[in-house]
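**Student:** Here it is, the structure, as structure tokens.
Nothing in this text is a laboratory measurement; each read-out follows from the coordinates by a stated rule. Only a predicted model underlies this, so the values are computations on that prediction, with no experimental measurement involved. All Cβ positions, glycine included, derive from the backbone under ideal geometry; neighbour counts span all protein chains shown.
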């Protein structure tokens, strides 16, 4: 081994992310493998490599005997004395092995050991790199399309955006830049298999972390997310800093921050609401943009009864029940919504205000709590 090979090792370490120690160890293994192929065994072989100069030596530990039975493990007294005049029968001496004497097959096997180890370590390095990005946001480019699956190039590896992780109606072309959420990384024999998503609710959180400094540093916390990908998302936000408006921080000046997230999600609507430890207030906020007359929440049953003005009923429920459904997922409560007329006719209106076992939010306090809906 010479200086040029050491330079090659340094280059592999830099480009492939394979440690110098691993590469040198693979060379040791290859020399041991060559000895085994040449001599039939390598148990008594020592390989020493100078990591500074690249020089190496291969020696065999052999027993000094009067009659040799196994040449790979034994040497005669006469031969031993040529190397060490003090050698006696029963001694163990080190004999230098000239690796140039190895045959073509042994040399090829040694080469294969090195290449195989490099490939294995390269796969492991790529796997470790992307395994550390699980549950993180990454950016890649669409490199090819296989059936209904997009192949996203992330730099050193490709990721799979399967059909079930794609937003309905969202289409990409080759070379389109796209942000995806890493769901899972599997260590496969042909390299890491990276599964990514555009529908995962946590994608919304990561996008806000990238756009909103207060979310990234923890000043504003996203408490929960409910999402119907491609259509609408609701997020609840809170802060322990009384000088920070969590909703306003996520919205940004003239909606700049939330609009950047909406643009990345190709126009998906986002409702940002203020989280509150009072479930009645939280549910009222979650039903935004609908106004609410009263919310009676039962924390034990995780259920709530909501009364809204007659003209707000369809808005509170939403198209095909979407607004109410997202609010229920966001709060973790089963929500029963009725108009004021329906509640009065059923007698629930008077019962709700008379029942002290529930927490209620009287109509008129709506404007006190912040909630904003943005569309691109």
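**Student:** What FRET efficiency comes out for the pair residue 162/residue 59, r = Cβ-Cβ distance, R0 = 51 Å, nearest 0.05?
**Tutor:** Step by step, r from the Cβ atoms, then E = 0.40.
**Student:** Could you line up 265, 82 from fewest to most neighbouring Cβ atoms inside 10 Å?
**Tutor:** 82, 265
**Student:** Let me ask something additional. Order these by the 10 Å Cβ neighbour count, fewest first: 135, 200.
**Tutor:** 135, 200
**Student:** Over region 135-195, calculate the relative contact order: mean separation of alpha carbon pairs under 8 Å at least 6 apart, over the residue count, as a percent.
**Tutor:** For region 135-195, the relative contact order is 38 percent.
**Student:** Per q in 0.24 1/Å, what log10 I(q)/I(0) does a Debye calculation on the alpha-carbon atoms of region 135-195 return?
**Tutor:** Computed log10 I(q)/I(0) values: -1.06.
**Student:** Ok, one more. What order do you get for 115, 203 when you list them from fewest to most C-beta neighbours inside 10 Å?
**Tutor:** Fewest-to-most Cβ neighbours within 10 Å comes out as 115, 203.
**Student:** Another one. Work out, step by step, the length gained on full extension between residue 95 and residue 70: first 0.36 nm times the residue separation, then minus their alpha carbon distance; give nm to one decimal.
**Tutor:** 7.5 nm
**Student:** What's the extension gain from residue 120 to residue 83 if we count 0.36 nm per residue and subtract their Cα-Cα distance?
**Tutor:** So the extension gain works out to 9.3 nm.
**Student:** Here is a follow-up. Mind giving me the nanometre distance, one decimal, between the label points for residue 144 and residue 319, set 7 Å out from Cα along Cα→Cβ?
**Tutor:** Those two pseudo-labels are separated by 3.8 nm.
**Student:** Fully extended, how many nm does the chain gain between residue 25 and residue 300 (0.36 nm per residue separation, minus their Cα-Cα distance)?
**Tutor:** 92.8 nm
**Student:** Still on this structure, I have one more. Could you tell me the calculated FRET efficiency between residue 15 and residue 342, based on Cβ-Cβ distance and R0 = 56 angstrom, to the nearest 0.05?
**Tutor:** My answer for the efficiency is 0.20.
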